[in-house]
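Below: one structure, written as structure tokens.
The values are calculated or read from the model by the stated rules, or taken from the named source; none is laboratory data. Remember, predicted model here, so these are calculated numbers, not experimental data. So basically every Cβ, Gly included, is an ideal-geometry build from the backbone, and we count neighbours across all protein chains shown. These accessible areas exclude ligands, DNA and RNA; they are computed on the full protein's heavy atoms, side chains included. Shrake-Rupley method; radii C 1.70, N 1.55, O 1.52, S 1.80 Å.
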Amino acid sequence: MQKYSALSLLRNALSGHRDWQPAWRKPDPKPAYDAIIVGGGGHGLSTAYYLAKEHGLTNIAVLEKGWLGSGNIGRNTTIVRSNYMLPDNNRFYEWSMKLWEGLSLDLNYNVMFSQRGVLNLAHTPSQLDDYARRGNSMRLEGIDAELLGREEVARMVPGLDMSPSARFPVLGGLLQPRAGTARHDAVAWGYARAADARGVDIIENCEVTGFLREGGRIVGVETTRGEIRAPKVGVAVAGSTSQVLRLAGIERLPIESHVLQAFVSEPVKPILDCVVTFGAGHLYISQSDKGGLVFGGDIDKYNSYAQRGNLPVVEHVMSEVSVMLPFVSRLRLLRNWGGIMDMSMDGSPIITTGPLPGLYLNAGWCYGGFKATPASGWCFAWTMARDEPHPLNAPFTLDRFQRGYVLDERGAGPYPKMH
């Protein structure tokens, strides 16, 4: 693999950038592999990378029905954080944060991870108390957290409506300074390039149309490019999980698919140097390196597999951002997109063996899939290689819904659209 460096950039600049090698190969699928990953998004690619790097499995195929970056890895608001309250979530997402902090060096690819901080705004005394409790939970796990007062928030985010007549007065906020953003498509390309360099076959435009079984065990897949056999088949397809597992005869899962929209404004001069979330509603906003404001809100409140949203949510999100940051109402919206969320019944993910022998499942990421990309792949790789979960993902089994051991971080109950 061609190593990226300042010297290689200079050398290729002198030759008109005509000699760069492709970042990954375009191989034809082989008849059999040691493991198959269905889904070439961030979680599938990171799983393949860590299977090769950490467990020495290099005879692996990643099957993607479209092109890399066409799914949720390129359809999110790029936020990375580990500010959870429940210990099981804290430990998992903090491990992901630590992997993010070394990811560009590990992959030899700049994923543009920017630790600019994530600030959750509090609008009532009870909400500020709740943030203090969450911050204490984070600090007990060794995670950075700072409780800010009203004046500190005003200095940090000068565009906020802090006037006496503000519709939602700001009383303070919870800040995680190490949190931030990363460039989402660079994450996909970085993992793809690094996995390819370790021998992983990344096969695009290869849709899985069925599963091969022998004696009740999954032994491979049927695809639009022929049968491919493997003793281990991992599924990491986000919002398409229920559709893909239906091909294996799994008709019921504790997951619903919903559309989540994201928006980008026209570029403006630097005005927002951290990620801000609106505690009175559900809104999160940051400014990209290009100057556009990137923001999103709630999911569309109905089930769908379409990668597009509807106008009621657009109106709702625009109302929230205009109330919180009034200057945004004068900007033009540049574009928006929709990703399909696999919403679990408790708002926490599923990384597990099963639900059939030879099959492994990575799903249920709700709003949190992007920030979990490194730890998701790392833990899923462990689970596939050793046929048992790592302690970090042991709480995220599928059978927790039968045992009643749910991880309901938000306390929203068994209503996936509420998480």
- Task: Please list, or write none, the lysines whose alpha carbon is within less than 23 Å of the alpha carbon of Lys30, excluding same-chain residues fewer than 8 places away.
- Result: Lys53, Lys65, Lys232
- Message: With angles folded into 0 to 90 degrees, how steeply does helix 125-140 sit against the dominant principal axis of the chain? Use alpha carbons for both and round to 10.
- Response: 40
- Note on the structure: In whole angstrom, the spacing between the Cα centers of segment 279-300 and segment 393-412 equals 28
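Per residue, how much accessible surface does segment 299-375 expose to a 1.4 Å probe? Answer in Å², no decimals. Before the final figure, lay out each step's value.
Working: 3070 Å² over 77 residues.
Dividing the accessible area of segment 299-375 by its residue count gives 40 Å².
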- Note on the structure: Quick calc of log₁₀ I(q)/I(0), the chain, Debye, one scatterer on every Cα, no solvent, q values 0.06, 0.09, 0.12, 0.13 1/Å, result -0.24, -0.55, -0.98, -1.14
- Query: For Val406, what charge total do you get from the other residues with a beta carbon under 14 Å from its beta carbon, if Lys and Arg give +1 and Asp and Glu give -1?
  - Reply: -2
- Cα long-axis angle, helix 373-386 against the chain (0 to 90 degrees, to the nearest 10): 30
- Message: On C-alpha positions alone, give me the angle between the axis of helix 311-324 and the longest principal axis of the chain, in degrees, nearest 10.
- Response: 50
- Charges only on Cβ, +1 for Lys and Arg, -1 for Asp and Glu: so what's the dipole of the chain about the Cα centre, in debye to the nearest 20? 680
- Message: Quick check: at a probe of 1.4 Å, how many percent of the accessible area of segment 200-272 sits on carbon and sulfur atoms?
- Response: 48
- At 10 °C and 1.306 mPa s, grab the translational diffusion coefficient of segment 354-407 from Stokes-Einstein with a Kirkwood Rh over Cα pairs, rounded to a whole number in µm² per second. 133
- Note on the structure: Cα gyration tensor of segment 261-353 diagonalised, 5x eigenvalues square-rooted, in angstrom largest first, produces semi-axes 26, 15, 13
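As a test of the formula, what do you get for the chain when each DSSP H run with n ≥ 4 contributes -39,500 (n - 2.57) and the sum is divided by the residue count, at 222 nm and rounded to the nearest 500 deg cm²/dmol? Present the calculation step by step, with values, prior to reporting the outcome.
On the way: 11 runs with 118 residues, N = 419.
Computed ellipticity for the chain at 222 nm equals -8500 deg cm²/dmol.
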- Query: Can you tell which of Ser265, Ser376, Ser165 shows the greatest fluctuation in a Gaussian network model of the chain with Cα springs below 10 Å?
  - Reply: Ser165
- Query: Say each of Asp161 and Glu204 gets a label point 7 Å from the Cα, pointing the same way as Cα to Cβ; how far apart are those two points in nm?
  - Reply: 4.4
- Starting at the first residue of segment 358-363, write each ³J(HN,Hα) from the Karplus equation 6.51 cos²θ - 1.76 cosθ + 1.60 with θ = phi - 60°, in whole Hz, x for Gly and Pro. x, 10, 9, 10, 10, 7
- For Ala179, which sequence-distant residues (separation of 5 or more, or a different chain) have an amide H within less than 5 Å of its own amide H, given hydrogens modelled in the peptide plane? Gly117, Val118
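Excluding ligands, DNA and RNA, what is the solvent-accessible area per residue of segment 1-101 at a probe of 1.4 Å, expressed in Å²?
Numbers: 4620 Å² over 101 residues.
I get 46 Å² per residue for this part.
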- Query: Non-local amide H neighbours of Leu283 (under 5 Å, H modeled in plane, Pro and chain starts lacking H): which ones?
  - Reply: Phe278
- Note on the structure: Check: C-alpha center segment 170-218 vs C-alpha center segment 320-341, spacing in Å is 27
- Per DSSP, the loop-located chymotrypsin sites (Phe, Trp or Tyr not before Pro) within segment 65-159 having at most 12 other beta carbons within 10 Å are Trp67
- Ranked by GNM mean-square fluctuation in the chain (Cα springs under 10 Å), the top entry among Glu207, Glu266, Glu409 is Glu266
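If you take the square roots of the eigenvalues of the alpha-carbon gyration tensor of segment 219-304 and sort them as a ≥ b ≥ c, do you get rounded (a/c under 1.5), prolate (a/b over b/c) or oblate?
On the way: a/c = 3.65, a/b = 2.17, b/c = 1.68.
Taking the square roots of the gyration eigenvalues as a ≥ b ≥ c, segment 219-304 is prolate.
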- On the accessible surface of segment 120-159, probed at 1.4 Å with all protein chains in place, carbon and sulfur together account for a percent value of 48
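So for segment 196-266, averaging the separation of alpha carbon pairs under 8 Å that are six or more residues apart and normalising by length, what relative contact order in percent results? Before the final figure, lay out each step's value.
Numbers: 67 pairs, mean separation 13.7, N = 71.
Taking the mean separation of contacting Cα pairs over the length of segment 196-266, I get 19 percent.
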